[in-house]
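Below is the structure I would like to discuss, written out as structure tokens.
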Amino acid sequence: MYKYDAIDQKIVNQRVAQYRDQTRRYLAGELSDDEFRPLRLQNGLYIQRHAPMLRIAIPYGMLSSKQLRKLAEISKRFDKGYGHFSTRQNLQLNWPKLEDTPDILSELATVEMHAIQTSGNCIRNITTDQFAGVAPDEIIDPRAIAEIIRQWSTFHPEFALLPRKFKIAVSGTINDRAIVQAHDIGLEFYKDNSNKTAIRVWVGGGLGRTPILGTVIREHLEWQNVLTYCEAIIRVYNLHGRRDNAYKARIKILVKALGIEEFRSQVESEWQHIKDSPNTISESELLRVSKYFDEMPYENLQDSCEAFENSFNNNPAFSAWVKRCVHPHKKSGYRAVTLSLKPHGKAPGDATSEQMSVVADLSDKYSFGEIRVSHEQNLILADVKLSDLFPLWEQARAVGLATPNIGLLTDIICCPGGDFCSLANAKSIPIAEAIQIQFDNLDYLYDIGDIELNISGCMNACGHHHVGHIGILGVDKDGSEWYQVTIGGKQGNDASIGTVIGPSFSAEEMPGVVSRIIDVYIKEREQDELFIETVRRIGIAPFKNHVYAKETTNV
Amino acid sequence: MSNLIANGKVVDDEWTLVKLPPPPDEKVRKQAGKVVLFKLTGENTHTNSQIESVEIPPEGKVLLPLPLWTLKKQELSNRVSKGEIGVWLETHELVESLSCSISDINKLPVIGVHVERFADGRIFTIGNLLRSRYGFKNELRAFGDVLRDQLYFLKRCGFDSYLIRNDRSAADALASLNDFSEPYQGAVDITQPVWRRIDRQG
Ligand code: SF4
């Protein structure tokens, strides 16, 4: 993975010094709350319900074991011994003290980490596929360009204070796992007719209050031009985005208001001026950064292993885990492994300090000392030998990281919600926990099969509920907490936004509502049809009827 | 004591700022229940008669609001040649309106950009366009809600003078011009990105 040179290190060090001084000025009363807000936000610091929340950047979800160990140490020393991995592939600390944040950042800087632009109205952390570099369906490893974009966007002077936050995702696979269509800019890498790396550029996607999938603004962009093209897009947005209304300030609203044709023509004419400007990426720079993402020193292995097969055939718990948590790898004899952060009845995406250090050790032992964070809020060891799967499983299981539920109903994607977040309308974690308890039967979960359930505590949609096959959204009705349910959302190449099934429910009703939705699926599905396929075939009416019919008969 | 920073030090301000009167009918506007704090790009705020009524000091260096300049530029041509006229724009005004209003933008010794609120990042694009698209070479000044934590970005977008908000110390703010020494991306002040400036292969 990418390693800092003296220049990168100096930038994060200077950032720590700058932020330390800003915090000092704030505490000394030289900066008002309003003036400090954008400064602290651009360093990932929110003021939350109980305490500040600090969001630490994990660029495109990649961590080294050393970094994860540092996160374990920080969460123990400055927080309550755990952290929350978010849908933006970042780590959030829920209980740091404001006064401590400069020290936390300076600790982070010692392992090439920071919290720069993890919040605020600026270009945020670049996200991508958690299997980048190892996925069999990958055409281009997007991480080198992602790193180049990260550097370019860090303190980009022109885009330091945009109308609203700005999210970029990159993807280089046949099956999109980075939800490029739900980002302000989505960059989809492919090989063009002359076998050169090209980029399809999506713009104006986003969830939140007004969920909209992105539109292709440019079908073919040469990779060299990706920074200048993004500059053209963001410049048009910076000048014309709706600063008058925070709810309409995302680029998607501008794109929609102008229409994609007009927006495209403004961007293209802007781009003509800066197309070949110095920020055009050179071959040598791409080469320099790509070296950090060179293939791991894999051994030449058979794609079978007797010891593994024995355990697989004789140990049902192990084989259940392999089926759900082990993923194909481009290299023979290797697999990618997801360590589930979704044990039943615990807050999705949370990991304790102890778990973090264990994962760091496991990665050193079995996966070249690297870890990835997925936007589904799990941890991934990307390069595990077949023969190591069994010992890895045993050790992961000992610390509660081997729940065999990846891709199943209880692998819930969930934002921190009302327990922590001051923007929340309703709690989200207890809903996730209640659903996990309701479905705490692995056989039944396997029978239901692949399904995605997403929960957000408010319209901001940090839990991506619009693209969940089942989406749950916390809403406020006369000061009490209610939940609106959508079905039929989906991430991926054929992404869709879910449809609301009807009036919202109380927290107590939610596990029952999900059960009734699943009942309809079980009854209606044909052969191997997945939940989302059934929904797409029969529409939402049968689900709606059953969910609400039951209710009236109960009354 | 002046609160103007230019060329890296606190200096006296030679320019007299001329403002438009607040529009008489300015109401508090709301959007989605919140007070609107930012004007939309391209929005007109004053009528011609309001603009006409503004007095221009007859002597010395004056910094005029763009609408006033546009309206009176004919009668000011003498003073333009004497280098007495500068123009300033609001962040919601279009740079093109200024560039179209004068045959050679470099006849203006100073262009100011007023930022009403710290969080309004349009000022950065405006600076960038004035320098890189319209080739403005003279003093480019930021004023209004200008605080030290914008300075580094303003500098990188081509500003070279900063009138710090009057309740803050310009001397303190100077330090923030150099918050970072080696930026990643090319911008106005340092046009080359880091990989074209420094050999990072080592
Ligand atoms: S979706 Fe709402 S409640 Fe949940 S983390 Fe985001 S802002 Fe907070």
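Among A:Gly44, A:Gly83, which is at pLDDT 95 or above, of a type outside the set (Ser, Thr, Tyr) and buried (at least 23 other Cβ atoms within 10 Å of the Cβ)?
A:Gly83
Related question: Return yes when A:Asp440 is within 11 Å of the ligand (Cβ to nearest atom) and out of contact with any strand residue (DSSP E or B) (no Cβ under 9 Å at 6 or more places or on another chain) and no when it is not.
Criteria not met by A:Asp440.
Can you confirm whether B:Arg165 is more than 9 Å from every other protein chain (Cβ to nearest Cβ) and assigned to a loop (DSSP other than H, G, I, E, B)? Give the derivation first.
Numbers: more than 9 Å from every other protein chain (Cβ to nearest Cβ): yes; assigned to a loop (DSSP other than H, G, I, E, B): yes.
Here the answer is yes, as B:Arg165 does meet what is asked.
Take the residues in region A:371-387 that are more than 20 Å from A:Pro416 (Cα to Cα) and buried (at least 21 other Cβ atoms within 10 Å of the Cβ), then tell me which one is nearest to the chain's Cα centre (by Cα).
Per the stated criteria, the residue is A:Arg372.
I'd like the full set of residues that are of a type outside the set (Val, Ile, Thr), at pLDDT 90 or above and touching a strand residue (DSSP E or B) at 6+ places or on another chain (Cβ under 7 Å), limited to region A:47-64.
The answer is A:Met53, A:Leu54, A:Arg55, A:Tyr60, A:Gly61, A:Met62, A:Leu63, A:Ser64.
Any chance region A:446-467 includes a residue that's in a loop (DSSP other than H, G, I, E, B), surrounded by fewer than 23 Cβ atoms within 10 Å (Cβ to Cβ), hydrophobic (A, V, I, L, M, F, W, C) and away from the ligand (no atom under 16 Å from the Cβ)?
Yes, there is a match, as at least one residue in region A:446-467 is in a loop (DSSP other than H, G, I, E, B), surrounded by fewer than 23 Cβ atoms within 10 Å (Cβ to Cβ), hydrophobic (A, V, I, L, M, F, W, C) and away from the ligand (no atom under 16 Å from the Cβ).
Please go through region A:257-277 and give me each residue that is of a type in the set (A, V, I, L, M, F, W, C) and either within 13 Å of chain B (Cβ to nearest Cβ) or closer than 18 Å to B:Arg133 by Cα (or both), ordered by number.
Residues of region A:257-277 of a type in the set (A, V, I, L, M, F, W, C): A:257-258, A:260, A:263, A:267, A:271, A:274.
Answer for region A:257-277, where residues must be of a type in the set (A, V, I, L, M, F, W, C) and either within 13 Å of chain B (Cβ to nearest Cβ) or closer than 18 Å to B:Arg133 by Cα (or both): A:Ala257, A:Leu258, A:Val267, A:Trp271, A:Ile274.
Is it fair to say A:Thr403 is assigned to a loop (DSSP other than H, G, I, E, B) and either charged (D, E, K, R) or open to solvent by less than 30 Å² (accessible area, probe 1.4 Å) (or both)?
So A:Thr403 fits the description; yes.
Does B:Arg165 satisfy the condition of being surrounded by fewer than 23 Cβ atoms within 10 Å (Cβ to Cβ) and touching a Cys at 6+ places or on another chain (Cβ under 8 Å)?
Criteria not met by B:Arg165.
Across region B:170-194, which residue is surrounded by the most Cβ atoms within 10 Å (Cβ to Cβ) among those that are of a type outside the set (Gly, Ala, Ser) and in contact with a strand residue (DSSP E or B) (Cβ under 8 Å, 6 or more places away or on another chain)?
B:Leu174
Let me ask something additional. Quick check: anything in region A:143-154 in contact with a Gly (Cβ under 7 Å, 6 or more places away or on another chain) and either more than 13 Å from chain B (Cβ to nearest Cβ) or open to solvent by 10 Å² or more (accessible area, probe 1.4 Å) (or both)?
Yes, that holds for at least one residue.
Could you please find all residues in region B:144-158 being buried (at least 21 other Cβ atoms within 10 Å of the Cβ) and more than 10 Å from chain A (Cβ to nearest Cβ)?
B:Val146, B:Leu151 - these are the residues of region B:144-158 that are buried (at least 21 other Cβ atoms within 10 Å of the Cβ) and more than 10 Å from chain A (Cβ to nearest Cβ).
Under the condition of being among the aromatic types (Phe, Trp, Tyr) and not in a helix (DSSP H, G or I), which residue from region B:115-143 is most open to solvent (accessible area, probe 1.4 Å)? Can you show your working first?
We begin by selecting, within region B:115-143, every residue among the aromatic types (Phe, Trp, Tyr); these are B:118, B:124, B:134, B:136, B:143.
Next, from what is left, pick out any that are not in a helix (DSSP H, G or I): B:118, B:134, B:136, B:143.
Numbers: B:Phe118: 25, B:Tyr134: 66, B:Phe136: 6, B:Phe143: 13 Å².
Per the stated criteria, the residue is B:Tyr134.
The values are calculated or read from the model by the stated rules, or taken from the named source; none is laboratory data. None of the values given here were measured: they were computed from a predicted structure. Virtual Cβ from ideal backbone geometry, glycine too; neighbours counted across all protein chains shown. Quick note on the areas: whole protein, heavy atoms, side chains included, nothing else; ligands and nucleic acids left out. Shrake-Rupley method; radii C 1.70, N 1.55, O 1.52, S 1.80 Å.
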